Each structure stands twice: as C-alpha cells, then as structure tokens.
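Step one of this worksheet: look at the structure below.
The values are calculated or read from the model by the stated rules, or taken from the named source; none is laboratory data. This structure is a prediction, so every number in the text was calculated from the model and none was measured. Reconstructed Cβ throughout: ideal geometry from the backbone, glycine too, with neighbour counts over all protein chains shown.
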Amino acid sequence: MIVIEFHNREREINDIMRILRAPPNLITFVYGPINSGKSSLMMEIAKRSPESYVVFYINLRHIYVSGVDDFLRVLFEVKDKKRLADLKSLVKELVETYTPDEVVTPIGRFPIPKSVFQEIFREKSVENVFVYLENLLTEIVKRGKIPVLILDELQKISDVKINGPLIYELFNFFVGLTKELHACHVFAITSDSLFLEKVYTEASLHGRCRYMLVDDFDYGTTVEFLRKHGFREDEVELAWEYFGGKPVYLVEAVKERDRLREFCEEMLRIRKRQIKDSIYSLDEDFRRSVLETFARFREEESITYEYLTEELIWCIKNNVLFLDPVNELIKPQSRLDLLALRRLLGEFGYRL
C-alpha cells in the first residue's frame, strides 16, 4: 500500500500559527476548491499545536443536522462519571490528559457532564448551549491553556432553523468568543463557495473575520511532490496537464503510475460524462446559457465577475466552477474540470 504523507503547506501553516500566537480576535474562514487540502491542513495544525493549546475539531462533513437534537449530539461528548460531574473537574482532567491525537478521536467534541447535557437536551435551548460552551472555554483559559475550535464544512448547518437561522446565532457566539472575550480561536472550513460569498457580503461580519484561501498546489509544489514519488519529467508534465495541483488526484496518479496516461484519460472521460449528464437535465434555453458560460473558459483559466448570473450559480452549485469572492474570481474546480468542459464545448460545436 502506498502511504502519501502530508506535503508542503508550510506557508499556510506559518500563517495560521501566526494567528494562533496572537490573542483571539477574529473568526478565520478557511476556504478553497473541493479537495484542495483544507481539512488535511487544519488536522496538521492540530497535530503540531504546542502543549499550551487545546483543539476541538468538529467535522460536519458526513453528519446530517436537521434540528437542535442533532446539533447537540454533534457538539458534545457526554462524560458519565461521578468524578466529572462538574465543569471544573471535567476541565481539570481535559487539560491534564489532552493530547493532539484526541482531536479527531472521537471527532473533537466538547466534553459535558451527563447531568448538564440532559438538562440542555430537555430544554432544547441554544442559549444554554452557548452559556455552557463559554463557561467551558473560559475555564480552560483560566488553567493556562488556549482553546482552538475548528468547524469543518460549517455550511452543512446553514439551513437549520432554531428560533431563526442557527448559523447567525453561531456567528454571533463566535464573535463574542473572539473579538469580545478573546477566549478561543475559531476556524470555519468550507468548500461551499456560494455559502462563503454570502458570508463575505454579510454586513454584520465586516471587521470580525478574516479569510484564508487554501488552493490546489502550484506548479512548483506539484513537481516537487511527484518527483518525490519517483515521477520522470514526462510523467510530471502529463499529470500536471490533466490534474493540475489537485492533491487528491495527484495521490491517485501516484498509485496508478504504471498506467498513468490511461488513468488520466479515464478520469477525464468520467468527469466529462458527469458534467454532460447534468447539463442534459436542463431545458434547452438554460443549457445553451450554461454552455455559453463554459465558453468563457475556452482560453482563460479564470474569469472576474461583477455579479452572479443564474448560469454561474448553477455551475457553482454543481461543483463545476469555484467562486472566490475575496479575490472576485471564478474558475473551474480543478484542471480536470477545465479540460472536461472544453471537450464538451467541442462536442456541442463550439470552436476551441
């Protein structure tokens, strides 16, 4: 079995560690195309964090949250032991026994005494949830530790309503933790660029958050990664031509090196078919508009935008295009997507 190690994100790691060395002050949104390595980066941060940090990593990627019950189960790990029946004793054990390995096993949830959890669960009060979390985090600070909260795929709860949209309640809570109390660093990871665009234009968050783009590898990093795994120059160029710097595809290319060209064409054929099936489900007029949107990438790898049309929104929702609202750019989710939509244009009679 080929084991692929974490590779060359030192610039991003240094940027995040610089944030962590300062008092908590802003929410940090970590964003980028699908499978660009955002989660791997933040897990690496958790592993490298000094002993003075306590990291909570809550991954919403594969969890369905429809209401307050689901929300509570995602957030908390219930401690059913008499010696952990109060907050101070629970935090004491947490601080004394914490290791970075615990961040993802289980999913980095907040510990809570069983009696407190039962009371919150019975009342289903989000306000009580936030009061408990604030007390927990400030108690950790009193013991000389720095809490760090990482929420992966935060947009998964953007549609949940508990006396109004839950996401706005969370944002207000995060602002309180960071900008007002300086009690906890908060990182929110998302690959949903329409969600991020909404956050970016939300007036209530101006001056209260920062944005960090974690993009695919650049050419130099891609070359370094592939050479490290024994790729010849022609193999490097072939992998770059089809996959660019998308880490997940490069890892698969390493595994399929003995049939690299066949694998590249196979992946492109599959992606082209997926996009083609999606646009065939559209009515004829809208399909034509989507193809005209694709045509903007015949010669360009990214475009600027002033506003989002229905066609652009469809392409972004269907993960063909990636929206970067911070830099006002739109580009294909990957090099593979770029090649796929260009081939589709040829099939539909567009000059390339």
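Scanning region 210-223 for residues that are over 15 Å from the mean Cα position of the chain (by Cα) and either crowded, with 18+ Cβ neighbours inside 10 Å or part of a helix (DSSP H, G or I) (or both) yields a count of 6. Restricting region 255-285 to residues that are under 27 Å from the mean Cα position of the chain (by Cα) and of a type in the set (S, T, N, Q) leaves a set whose member that is surrounded by the fewest Cβ atoms within 10 Å (Cβ to Cβ) is 274. Being loosely packed, with under 15 Cβ neighbours inside 10 Å and in the same structural domain as residue 183 (by TED's automatic domain parsing): is that true of residue 33 here? So residue 33 fails the test. Specify the residue that is farthest from the chain's Cα centre (by Cα); the eligible residues are those in region 4-34 that are closer than 21 Å to residue 333 by Cα and not in a loop (DSSP other than H, G, I, E, B). Restricting to residues being closer than 21 Å to residue 333 by Cα and not in a loop (DSSP other than H, G, I, E, B), the top hit is 12. Within region 318-340, can you find the residues that are in contact with a strand residue (DSSP E or B) (Cβ under 8 Å, 6 or more places away or on another chain) and of a type in the set (S, T, N, Q)? Selection gives 327, 333.
Could you name every one of the strands (runs of 3 or more DSSP E) located completely within region 73-184 that has at least 3 residues being within 23 Å of residue 45 (Cα to Cα) and either assigned by TED's automatic domain parsing to the domain that holds residue 195 or among the β-branched types (Val, Ile, Thr) (or both)?
Fully inside region 73-184 and qualifying: 146-152.
Report whether or not residue 226 is at pLDDT 95 or above and crowded, with 20+ Cβ neighbours inside 10 Å.
In short, yes.
Out of everything in region 286-301 that is within 24 Å of residue 216 (Cβ to Cβ) and out of contact with any helix residue (DSSP H, G or I) (no Cβ under 8 Å at 6 or more places or on another chain), what residue ends up being surrounded by the most Cβ atoms within 10 Å (Cβ to Cβ)? Per the stated criteria, the residue is 296.
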